[in-house]
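Structure record follows, encoded as structure tokens.
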Amino acid sequence: MKKLFLLVLIFTFSVWAKEAVTLQLPWMHQFQFAGYYIAKEKGYYNQAGLDVTILDANKKDSSFKSVMGKKAQYGVGHSSLIVNYMNGAPIVLMAAIYQSSPMVLLTRKDAHIYGAKDLKNKRVMLTDDMLQWAEIQAMLRSVGSKIEDLKVQPHSYDLKSLVRNETDAMVAYASNEPYTLKTMGVEPHVIHPKDYGFDYYSDFLFTTQDEINNHPERAEAFYSASIQGWLWAFDHIEETAALIYRDYNPQHKSLEALIYEGKVLKELAFQPNKGFGSIDVNRLELIAQGYRLMGVVKTLPSFTPLLYQRDQLKLTEQEKQWLAAHPVIRVGIDHNWAPIESIDDKGRHTGVSASYLHLLEKRLGVHFEVDYSRSLWSDSLRALKTKELDMLTSAAVTDSRREHMAFSRPYIKQSMVIVANSRVGYINDLSDLRGKKIAIVRSYASEEFLRINYPAIIPVLTDTSLQALQKVSSGEVYGCIEGLSVVSYLIERHNLKNIKVVGETPFRYDIAFAFRKDWNIMASISDKVLASITPAEYEELHGRWLGYESEKPLDYRFIWGIAGFFVFLFGLIAYKNYRLDVLVRQRTTELETFNQRLQEEIEKAVENNRKQEKLLMQQAKMAEIGSMLESIAHQWRQPLNILGLSMTRLSLSCSIDGKSESGKVIEIAEAQIEYMSQTIDDFRNFFKQDRSQIPVNIDALATEVVTLLGPLLARKKIIVRRNIDPSIEVLVYPNELKQVLINLVNNAREAIEHHRGNERWIEIRCVRDERYCTISIEDTGGGISPSIVDKIFDPYFTTKFESQGTGIGLYMAKTIIEKHFLGRLSVYNTAQGACFEIRLNREALKEKRDIEERGN
């Protein structure tokens, strides 16, 4: 009993000992605030001695009012907190979670509002608090627009307003609404202030000056645990999304939407050469200038007091004891990855990672023993796995490496680029390198990325990045994939003038410290050191290696010389401008004449293209005549035989003078003649030019096609299956759609004949929903080879002998469906053959008919 009482007492004391802290969010729970949920659920706050309550949005009070009113000790707020500070509010900004704001203007892609200029006189939904969307106002001003130029609407917070065309644009978050709008069947388009040069911070973690002064330990503990939570959240996006989906989801978002949100926000949170959560005073001043131009504030104060100043590195007793037990840490390096890290002429470790290593050594009081014996990176990776090494200074973070390594937070973000000969043009996509030899460094993350995502690229492995670039220079390989900073440094350093960057890749990776898998505590300690680095220290660490130049004394004689030269140059330019003015007037007259001739040539070219398309259409129809004539000949052969026999019977009957028999023979002959006449009508209608779109019953149209081709299919022992709702109608040019169906059915027949399989059938299906009508033609012809599936719609591409095919049938079918009907024609392989799918947009066809009718 006494023991039970003692346990209860200890538990009560431990709960009572934790400090109660409240965090106020500016909006409802979602991935936007994931780091705080993780810090709570993973026990980071608990380990720091804090009992944290997280409150989502309160419609009565903003997070700023809650913190200033002491309802919460900490809050998350927008860039408008800068205005609050300039107006005298005693607040402190502790971290900027997002280095770029996710706030955008969201429009429909089909609204053709491509940029800020196009918003004039458009309906735009905005929130009541103008300060919250200051970057959008700044963007509008930069293109000569004002709020008065918009048709401002109160924000409905309902994406259906865009879906129903009740508005043209609305303030939204790039991490949320574009994804949701797409799931609703509307293609989104965003207008981002960042693209206009207005790159604001977002989601400041803030508190009051009173909290910092009176509770410094609590402030430091809350800050460190929160940052730790954020780093875990972004390193484990799917797990974090699952937690939010289960426990913090008042908006009932899907798991997929939360994962999408996390990935977008990670890109906004981490930027090259910037510490997570860092705040730059100079950037705050630029944002404040924007508020001053809006007339919100008149003067700018010093922003240094606004920022949270961390006095020293806060390590737990457990971390201090661990460091004391591990005074020497064995470090593996990459000898040949300048400027990230390398060995200099004197055999010393140098580069960005070396600078970071020195900083860690200084802050932690341990010795990092660099191992120079392993010259290859692959050897260092193996040594870390076998615990012969304790740490790697510059490892790219990948999922496969996480299985046997513990990573710190990243300190560099590396963009991978494509390098090729200077004569090579821009490469838009890595798929363009299919079948080409590409040099990559053995055991680098880029090797893993290519082997998994682009197996068709032929990797040529090298030991160093310089060797890879030299192989490109010598022509041994087509190209190389490497980090941009490494490429820039090595090309300049080694004078590789005949190669250049010709494209980007979607691959970007984080570079971090990697530790033995059982050294998670050292990774956590490193995170604290990296989090404590100031913007000025970042510039010092990176500047020498990644393009920053150190400041040098000014040579004023040189400056005055330059100034004199420019005075002379200005006078010369003034004279040249006068002469140019005369020449411009002369050339303008010449250009006007040239433009007139060019316009005439363009009109001729357009007309020729129209004639060519018309000729191709006719050729496509003629390509089907052979099959149709063969079918018609088969259809007529039997009736002609019957007519011949009937005429013989009629002759005999007349000779015997049997009139009753003659009447029956005449009836048979008339029926056969009517059947042949109908066949002629069907054949003639195929060539008739459609003048306008009309409602066409798909089942009836399929019947006509089967009637024309049925006898030929029957002779080839091919069964035609049909699965079509007889009520489905769609607005089309009937003969053009019939031409497409005949072409596809004929192709299916030929594929089945060539394949010679046991099952011989063609199935025509048709389904519809509110927006689309989809017609499918599936066969058992063995499918289409993957090597040619991307080419079958190309003009003049054919797998038949020249005498058997023109190669324009499928090309014209795709042209009719996609150009004339505004639909889509595609193909995919099935278990037994291929399936061609015609997708018609019923709304688009209706709009097109309305336009044609208005034109008439």
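Every condition in (1) more than 27 Å from the chain's Cα centre (by Cα); (2) open to solvent by less than 20 Å² (accessible area, probe 1.4 Å); (3) modelled with pLDDT of 85 or more is met by Gly543 except one, and the failing one is (3). Looking at segment 310-387, the strands (runs of 3 or more DSSP E) lying wholly inside it that each contain 1 or more residues that are in contact with a strand residue (DSSP E or B) (Cβ under 7 Å, 6 or more places away or on another chain), open to solvent by 10 Å² or more (accessible area, probe 1.4 Å) and under 17 Å from Met522 (Cα atoms) sit at 328-332, 367-371. Of everything in segment 71-106 that is in a loop (DSSP other than H, G, I, E, B) and of a type in the set (A, V, I, L, M, F, W, C), the residue that is nearest to Lys263 (Cα to Cα) is Ala72.
Of all residues in segment 241-262, those that are under 15 Å from Thr180 (Cβ atoms) and of a type in the set (Asp, Glu) have Cβ atoms under 9 Å from Cβ atoms of residues that are open to solvent by 50 Å² or more (accessible area, probe 1.4 Å) and not in a loop (DSSP other than H, G, I, E, B), 6 or more apart or on another chain, in Glu256/Tyr179; Glu256/Thr183; Glu261/Tyr179.
Hey, can you tell me all the residues within segment 763-791 that are modelled with pLDDT of 90 or more, in a loop (DSSP other than H, G, I, E, B) and polar (S, T, N, Q)? The one that is modelled with pLDDT of 90 or more, in a loop (DSSP other than H, G, I, E, B) and polar (S, T, N, Q): Thr780. Within segment 210-223, identify whether any single residue is in contact (Cβ under 8 Å) with a residue 12 or more places away in the chain, assigned to a helix (DSSP H, G or I), closer than 26 Å to Pro178 by Cβ and acidic (Asp, Glu), and answer yes or no. No, segment 210-223 contains no residue that is in contact (Cβ under 8 Å) with a residue 12 or more places away in the chain, assigned to a helix (DSSP H, G or I), closer than 26 Å to Pro178 by Cβ and acidic (Asp, Glu).
Selection of segment 508-527 for residues being more than 32 Å from the chain's Cα centre (by Cα) and open to solvent by 40 Å² or more (accessible area, probe 1.4 Å) yields Lys517, Asp518, Asn520.
Looking only at segment 119-154, residues that are open to solvent by less than 60 Å² (accessible area, probe 1.4 Å) and more than 26 Å from Arg292 (Cβ to Cβ) come to 2 in all.
For every residue, the table says whether it meets (1) of a type in the set (Ser, Thr, Tyr); (2) at pLDDT 90 or above; (3) in contact with a Ser or Thr (Cβ under 9 Å, 6 or more places away or on another chain).
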| position | (1), (2), (3) |
| --- | --- |
| Asn213 | no, no, no |
| Ala241 | no, yes, no |
| Tyr245 | yes, yes, yes |
| Glu261 | no, yes, yes |
| Ala269 | no, yes, yes |
| Gly275 | no, no, yes |
| Glu285 | no, no, no |
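Figure legend. Inter-residue proximity from segment 51-62: first residues exposed (fewer than 15 other Cβ atoms within 10 Å of the Cβ), second residues at pLDDT 95 or above and not in a loop (DSSP other than H, G, I, E, B), beta-carbon distance below 6 Å, spacing 6+ or different chains. Indicated pairs: Thr53/Thr22. Within segment 108-126, the set of residues being among the basic types (Lys, Arg) and assigned to a helix (DSSP H, G or I) comprises Lys109, Lys117. Take the conditions (1) closer than 27 Å to Ala57 by Cα; (2) outside any helix (DSSP H, G or I); (3) free of Cβ contacts under 8 Å to residues at least 24 places away in the same chain; (4) hydroxyl-bearing (Ser, Thr, Tyr); Ser302 misses just one of them, which is (1). Here Glu753, Glu736 are screened, and the one residue that is more than 14 Å from Val706 (Cα to Cα), assigned to a helix (DSSP H, G or I) and touching a helix residue (DSSP H, G or I) at 6+ places or on another chain (Cβ under 9 Å) is Glu736. For segment 413-507, no helices (runs of 4 or more DSSP H) sit wholly inside it while including 2 or more residues that are without any contact (Cβ under 8 Å) to a residue 12 or more places away in the chain and crowded, with 21+ Cβ neighbours inside 10 Å. Here Ile10 meets each of (1) surrounded by fewer than 22 Cβ atoms within 10 Å (Cβ to Cβ); (2) modelled with pLDDT of 90 or more; (3) in a helix (DSSP H, G or I) with one exception, condition (2).
The values are calculated or read from the model by the stated rules, or taken from the named source; none is laboratory data. Keep in mind the model is a prediction, meaning the values are calculated, not measured. We place every Cβ from the backbone using ideal geometry, glycine too, and count neighbours over all the protein chains shown. Heavy atoms of the whole protein, side chains included, go into the accessibility calculation; ligands, DNA and RNA do not. Shrake-Rupley method; radii C 1.70, N 1.55, O 1.52, S 1.80 Å.
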